[in-house]
Amino acid sequence: MTFKELNINKQLIKALDEIGYTTPTTIQRDAFSIIMSGKDVLGLAQTGTGKTMAYILPLLSMWRFSKEPHPQILVIVPTRELVEQVVREIEKVTTYLNCVAVGVFGGANINTQAEEVLKGLDVLVGTPGRIFDLAASGSLQLKQIKKLVIDEVDETLNLGFRSQLTAILDMLPQKRQNLFFSATLSEEVERFIQTYIGDYFTVEAAGAGTPLEKINQQAFEIPNFKSKVNLLFQLLVQKDFSKTLVFTSSKEIADHLFESVNAEFPDKSEVIHSNKSQNYRFRAVREFRDGAIDVLIATDLIARGIDVPDVSHVIHFDLPEDCDTYIHRIGRTGRQEKTGVAIAFVKENEKELFKSFKDAMKSNIPFNKLPEEIEISTEMMDFEKPSLKMRETLVKQKKRSNSIDAPGPAFHEKKEKNKKVNKRYDHKKAMHEKYGKPKTRRGKH
């Protein structure tokens, strides 16, 4: 099937032809007619299967020009990078449509974005926090929304946007079409969707938890950071490592790795994580996309926001904590019907975790033999060393009393000589005790 066989208007078809899109992916093909019917849809598809176009094309096919300045289509995504990606995809296919798409996200000047929204738009793409802020301030009107898309529902909820999503949904018209797209269908995602919409149609492009078939997965058993760096250097000098995406488990490790790679291959790599500014991250991704750099080091926080064609290799410098994140990572390569390679660096204590990934994916990923020239270091970085935690023993303190008979914990017995107390001397009583009767003075004669 080609895009021309779908019920897509001529303007969209012409734009698709110009950018070289001729054959729809599975999720694009299966979701198109259902979305066009106006039903609420839950689309399950892994990263790299073309799900952004799966909702953009039918929504734009149904879109009609309006003189109203308020948006008709609202697309909510979890990250700034994904906002930029979706807006870019919309702009690619609306060359011959008078359709205006605007992206909004946190970390940028809200007043500038408010001015852009007030100029008038048809499609708004944004992160939940910034959409809510603009709507709450009155800069954004949501009363004309006819189509709602929440992309990467699982990640949006994982990042703690539930309260903002709830507030936005309460602002929207009751009569609208809802489209939810997710890579996984967790209980949390299912409960969230069922809370806000009734019946919906599920479209599943590939079983959640299964890898893409066009990705060659490999693994190396490697003990620590410095040994991993040595192996990475050996891999990067190979010719086919043309565009390599390296994932780490933390910002600290990402920064250390970038220092090492940049020293060995100057000006050939960049690093992005949540501590980097928005402009820095956009520039780094753009340079990686354009081929100005060969290696991009990233943390999982922005993994879903990276849209780079022709990634040759994905390297798990550190294994993620769960299989879903592992699949999202490898989905960065092997896209658009091309093949890709994913390589995992596995430590001894991670073998069971890695085995659980293989079992979940029903895949036999072999361990490659380490090249003989790789130096295996015995030195561990500070962040690798196990931290010794002292057991905290809490002693219940007795309640302090002000009573003399029940002194508090700071009381100590006085010495005998200090126990004397000052008493008033009673002469009459003393004489009585000494002589048995009062001693009286004789009168004068």
Heavy-atom surface of the chain, accessible at 1.4 Å and reported per residue (Å²):
56 Å²
Label-to-label distance, nm, for residues given as Lys4 and Thr112 (7 Å Cα→Cβ offset)
4.3 nm
Ranked packing of 250-258, 64-72, most packed first, by mean Cβ within 10 Å:
250-258, 64-72
Magnitude of the Cβ-charge dipole (Lys and Arg +1, Asp and Glu -1) of the chain about the Cα centre, nearest 20 debye, reported as 5240 debye
Overall Cα dimensions of the chain, principal axis frame, Å, largest first:
149, 66, 39
Once the dipole of segment 46-154 is set up from charges on Cβ (+1 Lys and Arg, -1 Asp and Glu), the residue from the list Ile131, Thr49, Gln72 lying farthest towards its positive end is Gln72
How far is helix 351-361 tilted, in degrees, relative to the longest principal axis of the Cα atoms in the chain, given as a value from 0 to 90 rounded to the nearest 10?
40 degrees
Could you give log10 I(q)/I(0) at q = 0.13, 0.15, 0.23, 0.28 Å⁻¹ for segment 56-121, computed by the Debye formula over C-alpha point scatterers of equal weight, without solvent?
-0.37, -0.50, -1.15, -1.46
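Can you divide the C-alpha Rg of segment 210-325 by 2.2 N^0.38 Å and report the result to two decimal places? If you can, show how the numbers build up before the last one.
Numbers: Rg = 13.5 Å, N = 116, 2.2 N^0.38 = 13.4 Å.
Against the empirical 2.2 N^0.38 Å value, I get 1.01 for segment 210-325.
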Give me the mean projected area, in nm² to one decimal, of the convex hull enclosing the Cα positions of segment 20-140.
8.0 nm²
Candidates Gly334, Gly126, Gly160; GNM for the chain (alpha-carbon contacts under 10 Å) flags as most fluctuating Gly160
Considering only Thr166, Thr244, Thr52, give the residue with the highest GNM mean-square fluctuation for the chain, with springs between Cα atoms whenever their separation is below 10 Å.
Thr166
Pairs of Cα atoms farther than 18 Å apart, segment 148-209, %
31 percent
Percent accessible area from carbon and sulfur atoms, segment 187-279, protein chains only, probe 1.4 Å:
43 percent
Where q = 0.10 Å⁻¹, what log10 of I(q)/I(0) comes from the Debye formula for segment 156-275, counting one point per Cα?
-0.58
Could you give the Stokes-Einstein D for segment 35-74 in µm² per second, using the C-alpha Kirkwood radius, 4 °C, 1.567 mPa s?
109 µm²/s
Return the ratio Rg/(2.2 N^0.38 Å) for segment 1-81, where Rg is computed over Cα atoms only.
1.14
With everything on Cα atoms, drop me the angle between helix 10-19 and the longest principal axis of the chain, reported from 0 to 90° to the nearest 10.
80 degrees
Going by alpha carbons, how many degrees (0 to 90, nearest 10) lie between the helix axis of 251-264 and the longest principal axis of the chain?
60 degrees
Semi-axes in Å, largest first, for segment 254-302 (Cα gyration tensor, √(5λ)) are 16, 14, 8
So what is the 222 nm mean residue ellipticity for the chain from helices alone, if each DSSP H run of at least 4 adds -39500 (n - 2.57) and you divide by all residues, rounding to the nearest 500 deg cm²/dmol?
-10500 deg cm²/dmol
Given a Förster radius of 41 Å and the C-beta distance between Thr166 and Tyr280 as r, what FRET efficiency does 1/(1 + (r/R0)^6) yield to the nearest 0.05?
0.80
Scale the Cα Rg of segment 334-382 by the rule-of-thumb value 2.2 N^0.38 Å and send over the ratio, two decimals.
1.51
Longer than 28 Å from Cα to Cα, which of Lys10/Lys51; Lys39/Lys358; Lys228/Lys358 are they? Say none if no pair is.
Lys39/Lys358
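The values are calculated or read from the model by the stated rules, or taken from the named source; none is laboratory data. If you're wondering where the values come from, they're calculated on a predicted model, not measured in any experiment. Neighbour counts run over all protein chains shown; Cβ positions are idealised from the backbone, glycine included. We work out accessible area using only protein heavy atoms, side chains counted, and drop any ligands, DNA or RNA first. Shrake-Rupley method; radii C 1.70, N 1.55, O 1.52, S 1.80 Å.
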